[in-house]
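**Student:** Please find one structure pasted underneath; my questions will follow.
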Amino acid sequence: MKKIFTLLLFVSVSKQCFCWGFFAHKKINYYAVFLLPPQMMVLYKSNIDFITEHAVDPDKRRYAVSAEGPRHYIDIDHYGKYPYDSLPRKWKDAVTKYSEDSLNEYGIGPWWIQTMLQRLTDAFKEKNQAKVLKLSAELGHYIADAHVPLHANSNHNGQYTDQKGIHGFWESRIPELLADKEWDFFIGKAEYIKNPGDFIWHRVLESAAVADTVLKYEKELTKQFPADQKYSFEDRSGVTIRQYSTAFSMAYDMQLKGMVEKRMRQSIYAIASFWYTAWVNAGQPDLTHLSNKEFSADDLKEFENLNASWKNSSIKGREEDQ
Ligand SMILES: [Zn+2]
């Protein structure tokens, strides 16, 4: 019985627990749309289902392409001590100092976001609707990941401190429990970002600075909490899973003083502002007159393949919950 149970648990857990979780990523992209000016809303609002659903494509791609993983994080503690001044913020300088292979080994999140921003700017210049939507949805994903403290630390799932599971706890379990009921995501307006590189590095450093707190508070709370009440068991579609109990989750969130909600709100603001910045830098094209309104056969095939890889393959490279 115990064996079967463990197996069921593994099956259910192996498809979740990374990068804000699918739930939060979708929420974040969805709410970002409402920060846009009317000239952009005209495209994004009418395609909000796409922007929401495809917020998780980059995570699905991790099951198909091994180069995908490092785009979602940076183990910045590998580079010394906060604020990690020895790590060049410019990609070319960082490659010269550490080599591309080495950078990939520890994650390239902040640089990849800047590449995606450039691609989105180019798509706006081309007035290519399909590309704008695809790249917007995916850029949103990477920006949101940069706001997660454990995406900026090598102890990303508490694997070095006997806290396995904390990755999904912070970014999936807590938002799933509280986002709809208690949190507020109406934030104001997108703003033009003069220096996107500085902006995103700043956010990554904020993430890195609180990673220790995220780990420490869970450890402390575990010590104070009755051992048999830390986890609860729940039936999900016929599969029994073990998860952090509601009481433990609420206590942790309280101790973090709203950190998870704040990082979600900051993700939403950052994403809308990056979309807006790309549009402005492309010369504010009229989004009611775009080409490529339909997704091509290749696009549709790609969406299908991403889903198939995600459902049928195992993740390529590092898994956050291992
Ligand atoms: Zn991710």
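The values are calculated or read from the model by the stated rules, or taken from the named source; none is laboratory data. Here the structure is a predicted model, which means the values were calculated and not measured. Using ideal geometry, Cβ is built from the backbone for each residue, glycine included, and neighbour counts are taken over all protein chains shown. Quick note on the areas: whole protein, heavy atoms, side chains included, nothing else; ligands and nucleic acids left out. Shrake-Rupley method; radii C 1.70, N 1.55, O 1.52, S 1.80 Å.
**Student:** Return one number: the angle in degrees, 0 to 90 and rounded to the nearest 10, between the long axis of the Cα atoms of helix 297-312 and the longest principal axis of the Cα atoms of the chain.
**Tutor:** It works out to around 10 degrees.
**Student:** For Cα pairs less than 8 Å apart in space and 6+ apart in sequence, what is the mean separation divided by the residue count of the stretch 218-271, i.e. the relative contact order in percent?
**Tutor:** 25 percent
**Student:** Test of understanding: in a Gaussian network model of the chain with alpha carbons linked when under 10 Å, which of GLY109, GLY168, GLY238 would top the mean-square fluctuation ranking?
**Tutor:** GLY238
**Student:** Over 20 Å between Cα atoms: which of LYS45/LYS131; LYS92/LYS316; LYS27/LYS189; LYS26/LYS60; LYS60/LYS257; LYS164/LYS223 fall into that group?
**Tutor:** LYS92/LYS316; LYS60/LYS257
**Student:** While we're here: Find the accessible area per residue for the chain; the probe is 1.4 Å, ligands and nucleic acids are left out, and the unit is Å².
**Tutor:** Working: 15050 Å² over 322 residues.
Accessible area per residue: 47 Å².
**Student:** Classify the stretch 78-223 from the C-alpha gyration tensor, please: rounded if a/c falls under 1.5, else prolate or oblate depending on whether a/b exceeds b/c.
**Tutor:** oblate
**Student:** Can I ask one more? Could you tell me whether the stretch 140-218 comes out rounded, prolate or oblate from its Cα gyration tensor? Rule is a ≥ b ≥ c as square roots of the eigenvalues, rounded for a/c under 1.5, then prolate if a/b exceeds b/c, otherwise oblate.
**Tutor:** Working: a/c = 2.65, a/b = 1.32, b/c = 2.02.
Here the stretch 140-218 falls in the oblate category.
**Student:** What does the C-alpha gyration tensor say about the overall shape of the stretch 194-322? Classify as rounded when a/c is under 1.5, otherwise prolate if a/b is larger than b/c, or oblate.
**Tutor:** Working: a/c = 2.72, a/b = 1.47, b/c = 1.85.
Oblate, because a/c is 1.5 or more while a/b does not exceed b/c.
**Student:** Right, here's the next one. With a 1.4 Å probe and every protein chain kept in, tell me what percent of the accessible surface of the chain is carbon plus sulfur.
**Tutor:** C and S fraction of accessible area: 53 percent.
**Student:** Okay, moving on. Springs between alpha-carbon pairs under 10 angstrom, Gaussian network model over the chain: which of GLU105, GLU191, GLU294 fluctuates most?
**Tutor:** GLU294
**Student:** Let me ask something else. Angle, helix 2-13 long axis vs. longest principal axis of the chain, Cα atoms, 0 to 90°, nearest 10?
**Tutor:** The helix 2-13 is inclined about 20 degrees to the chain.
**Student:** Another question, then. Mean-square fluctuation check for the chain, GNM, Cα pairs under 10 Å: which of ASN195, ASN307, ASN155 is largest?
**Tutor:** The residue that fluctuates most here is ASN195.
**Student:** Okay, next question. In degrees, nearest 10, range 0 to 90: what is the angle between the Cα axis of helix 196-224 and the longest Cα principal axis of the chain?
**Tutor:** For 196-224 against the chain, the angle is about 10 degrees.
**Student:** Given an 8 Å cut-off on Cα distances and at least 6 residues of separation, report the relative contact order of the stretch 33-177 as a percent.
**Tutor:** Answer for the stretch 33-177 is 28 percent.
**Student:** Using only helices, what value at 222 nm comes out for the chain when you add -39,500 (n - 2.57) per DSSP H run of length 4 or more and divide by the total residues, to the nearest 500 deg cm²/dmol?
**Tutor:** Numbers: 14 runs with 180 residues, N = 322.
Dividing the helical sum by the residues of the chain leaves -17500 deg cm²/dmol.
**Student:** Test of the criteria: in the stretch 262-322, which trypsin sites (Lys or Arg not before Pro) are in a DSSP loop and have at most 12 other Cβ atoms within 10 angstrom of their Cβ?
**Tutor:** LYS293
**Student:** Report the relative contact order of the chain, percent, no decimals, based on alpha-carbon pairs under 8 angstrom and at least 6 residues apart.
**Tutor:** Rounded, it is 32 percent for the chain.
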